[in-house]
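Structure record follows, encoded as structure tokens.
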């Protein structure tokens, strides 16, 4: 049985989703020697093996790939023979041609959620817990390949415990770029309407925020892709105050619920709608409301619900037995705020700001979907679903840039046999909206 050296190039969503440790574990189990690395095209594997074992290796890649990954192409070619004595994960390589898919931001996985509420875990109640299977991706990336130095985590030096997990190929946090803990990661900060910072221990801030919400305050809370204006959805006076201050008399608000049980108390939910609410993308889902609510969704029979998708949401709602209004923090016709300086323009709308010190590089609103005739309908493609690529039925002769219209604008890039779709950008009715649009264009 002859052995040859092969180069396997995989394109698709193969970065930031645990693909390299998956390949490492697979190669180790099959006793295959070689290397794997990220580059700006995707993933590159080099290995010396027999043709028969290579076939098994490739079959297992396609059948067992990580849950957040997908494969566009796998290209295999024989190269000059090399001798390997083990299988190693190499440092990323950078080229000028970019085609690797940028992974979207994904909800907190069950493993991280379990650790979040485990008193024996050193990340107990840490509001930025994540791993290679979940958490922030697109909203914190500056450049490809998807390495920590190319994200807004670059300024957070890992502690010894985090670094040990980050460098262990068999750990689910191996090269999880958002990795951190209370000792080394991003931190929360509570700021009042007079820009005074509250001097609270990190582990006490969430409890204080819960108390403020229950007292009817409006908070601007920094999330994954921007800030949200948040208040108690069961407090009519708080909702009226938010509508008055934001000059939004009729447009419906999205509502975040603690769990699917709370969701079913507010809306009639089919199995397909329940699956969508519980999906890893965690979109806002438009549902038939059980009762008319002229404060949350004036004069319409639907309500937009979503489930918690960040550790901070989970911590807040674990202390609340009430739903929350969660609406984008922005001035009318302007994009969602992504920095403290931007959100402070909303002075007079919020009572407090719950901030954190991890920069939002790429703004991203919440996605909005609904089920119509058993079909999933995308009303706003954003967090969880974008950026994404769509396979074209033909190969493009030239790279193309398509720029959306004045309303509900987005951007698409055409390369080879795929189109890459940006998240929803919004209406271009203000200078700041156009500047936001140009930033997306430059990033593209």
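For the subset of segment 422-444 comprising residues that are surrounded by fewer than 18 Cβ atoms within 10 Å (Cβ to Cβ) and within 21 Å of residue 366 (Cβ to Cβ), which member is modelled with the lowest pLDDT? It would help to see each step written out before you state the result.
Here is the first cut: in segment 422-444, the residues surrounded by fewer than 18 Cβ atoms within 10 Å (Cβ to Cβ) are 427, 429-432, 434-435, 438-439, 441-444.
From what's left, within 21 Å of residue 366 (Cβ to Cβ): 427, 429-430, 432, 439, 443.
Numbers: 427: 66, 429: 63, 430: 56, 432: 58, 439: 56, 443: 46.
Filtering first and then ranking leaves 443.
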| said: Just to check your reading of the model, which residue among 61, 10 is closer than 23 Å to residue 392 by Cα and surrounded by 14 or more Cβ atoms within 10 Å (Cβ to Cβ)? | reply: 10
| query | Which of the following residues is farther than 24 Å from residue 102 by Cα and either surrounded by fewer than 20 Cβ atoms within 10 Å (Cβ to Cβ) or under 24 Å from the mean Cα position of the chain (by Cα) (or both): 207, 176? | reply | 207
| segment 282-294, residues that are on the phi < 0 side of the Ramachandran plot, within 27 Å of the chain's Cα centre (by Cα) and in a loop (DSSP other than H, G, I, E, B) | 283
| query | Where in segment 295-406 are there strands (runs of 3 or more DSSP E), lying wholly inside it, with at least 2 residues that are surrounded by 22 or more Cβ atoms within 10 Å (Cβ to Cβ)? | reply | 302-306, 324-328, 352-356
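Can you tell me which residue among 69, 100 is modelled with pLDDT under 90, in contact with a helix residue (DSSP H, G or I) (Cβ under 7 Å, 6 or more places away or on another chain) and either surrounded by 22 or more Cβ atoms within 10 Å (Cβ to Cβ) or within 30 Å of residue 52 (Cα to Cα) (or both)?
Being modelled with pLDDT under 90, in contact with a helix residue (DSSP H, G or I) (Cβ under 7 Å, 6 or more places away or on another chain) and either surrounded by 22 or more Cβ atoms within 10 Å (Cβ to Cβ) or within 30 Å of residue 52 (Cα to Cα) (or both) holds for just one of 69, 100, which is 69.
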| said: Which residue is farthest from residue 224 (Cα to Cα), if the candidates are limited to segment 131-153 and must be in contact with a helix residue (DSSP H, G or I) (Cβ under 6 Å, 6 or more places away or on another chain) and in a loop (DSSP other than H, G, I, E, B)? | reply: 143
| field | Given (1) at pLDDT 90 or above; (2) part of a loop (DSSP other than H, G, I, E, B); (3) farther than 23 Å from residue 13 by Cβ, index of the condition residue 163 fails | value | (2)
| Qualifying residues in segment 24-41 (those that are assigned to a helix (DSSP H, G or I) and in contact (Cβ under 8 Å) with a residue 60 or more places away in the chain) - the one surrounded by the fewest Cβ atoms within 10 Å (Cβ to Cβ) | 25
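Per-residue answers, yes or no, for (1) within 24 Å of residue 137 (Cα to Cα); (2) at pLDDT 80 or above:
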residue: 364; (1), (2): yes, yes
residue: 382; (1), (2): yes, yes
residue: 405; (1), (2): no, no
residue: 408; (1), (2): yes, no
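The values are calculated or read from the model by the stated rules, or taken from the named source; none is laboratory data. Being a predicted model, the structure only gives us computed values, none of them experimental. Reconstructed Cβ throughout: ideal geometry from the backbone, glycine too, with neighbour counts over all protein chains shown.
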